[in-house]
Amino acid sequence: MTKNMPQMEVCIGDLKLHNPVIAASGTFGFGREYSEYTDLNKIGAISVKGLTLEPRQGNKPPRIAETPAGILNSVGLQNPGVKEFIKEEIPFLRKFSTAIIANIAGNSLDDYCEMADILSKEDIDAIELNVSCPNVKKGCLSFGNTTAGITEITKEVRKHCKKPLIVKLTPNVTDIREIAIAAEAEGADAISLINTLYGMAIDIHRKRPILANNFGGLSGPAVKPVALKMVYDVSKAVNIPVIGMGGITCGDDAIEFMLAGATAVMVGTANFVDPTVCADVVEGIQNYLSMYNINDVNDIIGMLKLN
């Protein structure tokens, strides 16, 4: 065991986090509900619920379906809109030391650019560009599933974004490395991945999909092997930090992603099971570092050795 606590600070471009654990967008709201159960100060950052320019009601229910080792969701980016977020949620989140990452989604390129303009003037720490949501009928995924699309949107948003820019990638592509390389080339400060995998669940008695939207995004432990491989591949393909996510439920899971090349990790679906899981993951990482006498969490990033 080390005599002192391991150093846990990591840097995502110019964004410094006091530890590498981030609450993933869409699974932590704006932190209000979770603050009743866990100390938000223990979390490196919160990527807030996906924001759109105007308030959005989301898709019709049912919007969640449990699956073996995961869930399907088709919430459809329900949120109060960017202006309400600025007015009500930023002041609340600034009560804590956790960094604020604004996750933005839009139906058009102009939507994304306008939100980047607006949020660049506000007291947030970074912007996460959501171009990979499979649960809306237009926008988002149409930009994120081709190199041409990711090139266009990253290039244009970069002109308006004065904060560190994280581009969140979909796994529903032929070669995610090409998408990541394109985002880096147009000025992304970091890549986050993976978003959810396409999926569906069927009610055999009604002979209809369980989700009202028919299809949804699969997340949770079921996607972890896919996520790990993609994080590994992308971390080898780009020179900017990678934020890994997909099925993380404990410190050991987070360590796997960091060994695979992630500088930080996002914890998502596990928050629905245990509202204290983000803080538990931080503690799990610390315990691992202490067990192996590692003084700095950065020393494990990308240290995976292939057989």
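Looking across the stretch 18-44, not a single residue is assigned to a strand (DSSP E or B) and surrounded by fewer than 24 Cβ atoms within 10 Å (Cβ to Cβ).
What about ALA65, is it more than 19 Å from the chain's Cα centre (by Cα), open to solvent by less than 30 Å² (accessible area, probe 1.4 Å) and more than 23 Å from ASP14 (Cα to Cα)? Answer is yes for this residue. Considering only residues in the stretch 113-128 that are hydrophobic (A, V, I, L, M, F, W, C) and in contact (Cβ under 8 Å) with a residue 40 or more places away in the chain, the one that is nearest to ILE12 (Cα to Cα) turns out to be ALA126. Sub-9 Å Cβ pairs linking a first residue in the stretch 24-40 that is on the phi > 0 side of the Ramachandran plot and in contact (Cβ under 8 Å) with a residue 40 or more places away in the chain to a second residue that is charged (D, E, K, R) and not in a loop (DSSP other than H, G, I, E, B), at least 6 apart or interchain, are GLY31/GLU89, ordered by first then second residue.
The one condition from (1) open to solvent by 10 Å² or more (accessible area, probe 1.4 Å); (2) under 18 Å from ALA180 (Cβ atoms); (3) assigned to a helix (DSSP H, G or I); (4) in contact with a helix residue (DSSP H, G or I) (Cβ under 7 Å, 6 or more places away or on another chain) that TYR232 does not meet is (4). For the residues ILE240, ILE248, the requirement of being modelled with pLDDT of 95 or more, part of a loop (DSSP other than H, G, I, E, B) and under 13 Å from the mean Cα position of the chain (by Cα) singles out ILE248. Just so you know, in the stretch 91-119 the residues that are of a type in the set (Phe, Trp, Tyr) and assigned to a helix (DSSP H, G or I) include one that is least open to solvent (accessible area, probe 1.4 Å), and it is TYR112. When the stretch 120-144 is limited to residues that are outside any helix (DSSP H, G or I) and in contact with a Pro (Cβ under 9 Å, 6 or more places away or on another chain), the one that is modelled with the lowest pLDDT turns out to be CYS140. ASP253: charged (D, E, K, R), closer than 21 Å to VAL131 by Cβ and in contact with a helix residue (DSSP H, G or I) (Cβ under 8 Å, 6 or more places away or on another chain), yes or no? Judged against the criteria, ASP253 is not a match.
Number of residues in the stretch 262-278 that are of a type outside the set (A, V, I, L, M), farther than 16 Å from ASN195 by Cα and either over 16 Å from the mean Cα position of the chain (by Cα) or open to solvent by 10 Å² or more (accessible area, probe 1.4 Å) (or both) equals 5. A search for C-beta distances below 7 Å between a residue of the stretch 78-96 that is touching a residue at least 40 places away in the same chain (Cβ under 8 Å) and any residue that is part of a helix (DSSP H, G or I), counting only pairs 6+ apart in sequence or on different chains, returns PHE96/LEU40; PHE96/ASN41.
Listed residues ARG206, ARG177; which is over 26 Å from ILE127 (Cβ atoms) and surrounded by fewer than 24 Cβ atoms within 10 Å (Cβ to Cβ)? Sole residue among the options that is over 26 Å from ILE127 (Cβ atoms) and surrounded by fewer than 24 Cβ atoms within 10 Å (Cβ to Cβ): ARG206.
Residues checked against (1) surrounded by fewer than 19 Cβ atoms within 10 Å (Cβ to Cβ); (2) under 21 Å from MET266 (Cα atoms):
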position: ASN172; (1), (2): yes, yes
position: ALA183; (1), (2): no, yes
position: GLY187; (1), (2): yes, no
position: LEU211; (1), (2): no, no
position: LEU218; (1), (2): no, yes
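The values are calculated or read from the model by the stated rules, or taken from the named source; none is laboratory data. This one's a predicted model, so the numbers in the text were calculated from it and none came from an experiment. Don't worry about glycine lacking a Cβ; one is built from the backbone with ideal geometry, like all the others, and counts go over all protein chains shown. For accessibility, only protein heavy atoms count, side chains too; no ligands or nucleic acids. Shrake-Rupley method; radii C 1.70, N 1.55, O 1.52, S 1.80 Å.
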